[in-house]
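Asks: Submitted below is the structure of interest, expressed as structure tokens.
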Amino acid sequence: MPKCILPIPDGPNFLSQTGMHLSNIINLANAILGNNFLVTFIFQLVTFHSFMKLQFRKIHSDAIIPQYQTEGAVAFDFATYEDIQLRKGLNFIKTGLSINIPEGYVLVLAPRSSTYKKQGLRMANEIGIVDQDYNGPGDDIMFAYIADEDIFIEKGTRIGQGMILPVMRCDIQEGDWNSSDRGGFGSTGSK
């Protein structure tokens, strides 16, 4: 039987605000997804004044634990733990950190909005995905940047950001179905 995990990050508040009980939510999910799915909800004990705990391990003793820069920030900033001389082209910037990502979540890495303007760096893979099992003592969180020219980055420079997002993981199967081809990529028009 396929299994889908549907995280609800604000479990208790969601239930109290909607007046729904867990059995109602499971029945609703089964009605939408079909009874052939076993639906598991992961509830985080989040209240107005507390948040999910996220643990980082320092691989390098000078590594800097990421921080949210404002109360409204949805992503936390990673900084360099040493001075770095980057060369024109592809560079890998280590954070000196490993992370313990809670089950049902993923760490998404992205450049800061000012990274290109301030340093002339473009993230090589647009975003980075850090899986739950990438958390060993040698699993350094890194940013892959393309530099327009040689550049010196000082220790403590914020070089990227990360956010924790819920993920849905499903049983992937080969399927066969009959449907017409709608025309492929770009088929809905030019405007």
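Asks: Any idea which residue in the range 127-165 is surrounded by the fewest Cβ atoms within 10 Å (Cβ to Cβ), counting only those that are of a type outside the set (A, V, I, L, M) and assigned to a strand (DSSP E or B)? So that I can check it myself, show each step before the final result.
Replies: Going through the range 127-165, the residues of a type outside the set (A, V, I, L, M) turn out to be 128, 131-140, 143, 145, 148-150, 152, 154-158, 160-162.
Within this subset, residues satisfying the condition of being assigned to a strand (DSSP E or B) are 128, 143, 145, 152, 158, 160-162.
Details: GLY128: 18, PHE143: 24, TYR145: 25, PHE152: 10, ARG158: 18, GLY160: 25, GLN161: 22, GLY162: 22.
Among those residues, the one meeting the criterion is PHE152.
Asks: Answer yes if at least one residue in the range 113-126 is polar (S, T, N, Q), surrounded by 18 or more Cβ atoms within 10 Å (Cβ to Cβ) and modelled with pLDDT of 95 or more, and no otherwise. Quick ask: steps written out before the conclusion?
Replies: Let us first name the residues in the range 113-126 that are polar (S, T, N, Q), namely 113-115, 119, 125.
Adding the requirement that they be surrounded by 18 or more Cβ atoms within 10 Å (Cβ to Cβ) leaves 115, 119.
Now restrict to residues that are modelled with pLDDT of 95 or more: none.
No, the range 113-126 has no match at all.
Asks: Which residue pairs have Cβ atoms closer than 7 Å, lie 6 or more positions apart in sequence or on different chains, and pair a first residue in the range 104-116 that is free of Cβ contacts under 8 Å to residues at least 60 places away in the same chain with a second residue that is aromatic (Phe, Trp, Tyr) and crowded, with 19+ Cβ neighbours inside 10 Å?
Replies: Every condition considered, the pairs that remain are LEU109/PHE143.
Asks: Filter the range 102-160 for residues that are farther than 23 Å from SER61 by Cα and basic (Lys, Arg) and give the result.
Replies: Correct list: ARG112, LYS117, LYS118, ARG122.
Asks: State whether one or more residues within the range 166-182 are open to solvent by less than 80 Å² (accessible area, probe 1.4 Å), on the phi < 0 side of the Ramachandran plot and not in a loop (DSSP other than H, G, I, E, B).
Replies: Yes, the range 166-182 contains at least one residue that is open to solvent by less than 80 Å² (accessible area, probe 1.4 Å), on the phi < 0 side of the Ramachandran plot and not in a loop (DSSP other than H, G, I, E, B).
Every residue, every condition in (1) hydroxyl-bearing (Ser, Thr, Tyr); (2) surrounded by 13 or more Cβ atoms within 10 Å (Cβ to Cβ); (3) touching a Lys or Arg at 6+ places or on another chain (Cβ under 9 Å), yes or no:
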| site | (1), (2), (3) |
| --- | --- |
| ALA63 | no, yes, yes |
| THR70 | yes, no, no |
| ALA79 | no, yes, yes |
| ASP83 | no, no, yes |
| GLY89 | no, no, no |
| ILE93 | no, yes, no |
| ASN100 | no, no, yes |
| GLY104 | no, yes, yes |
| LEU109 | no, yes, no |
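Asks: Still on this model: So how many residues does the range 79-97 have that are of a type outside the set (A, V, I, L, M, F, W, C) and part of a strand (DSSP E or B)? So that I can check it myself, show each step before the final result.
Replies: First pass over the range 79-97, keeping only residues of a type outside the set (A, V, I, L, M, F, W, C): 80-83, 85, 87-89, 91, 94-96.
Remaining after also requiring part of a strand (DSSP E or B): 85, 89, 91, 94.
Residues flagged as of a type outside the set (A, V, I, L, M, F, W, C) and part of a strand (DSSP E or B) within the range 79-97 amount to 4.
The values are calculated or read from the model by the stated rules, or taken from the named source; none is laboratory data. All values reported here derive from a predicted model rather than from experimental measurement. So basically every Cβ, Gly included, is an ideal-geometry build from the backbone, and we count neighbours across all protein chains shown. To get the accessible areas, we keep the full protein, side chains included, count just its heavy atoms, and leave off ligands, DNA and RNA. Shrake-Rupley method; radii C 1.70, N 1.55, O 1.52, S 1.80 Å.
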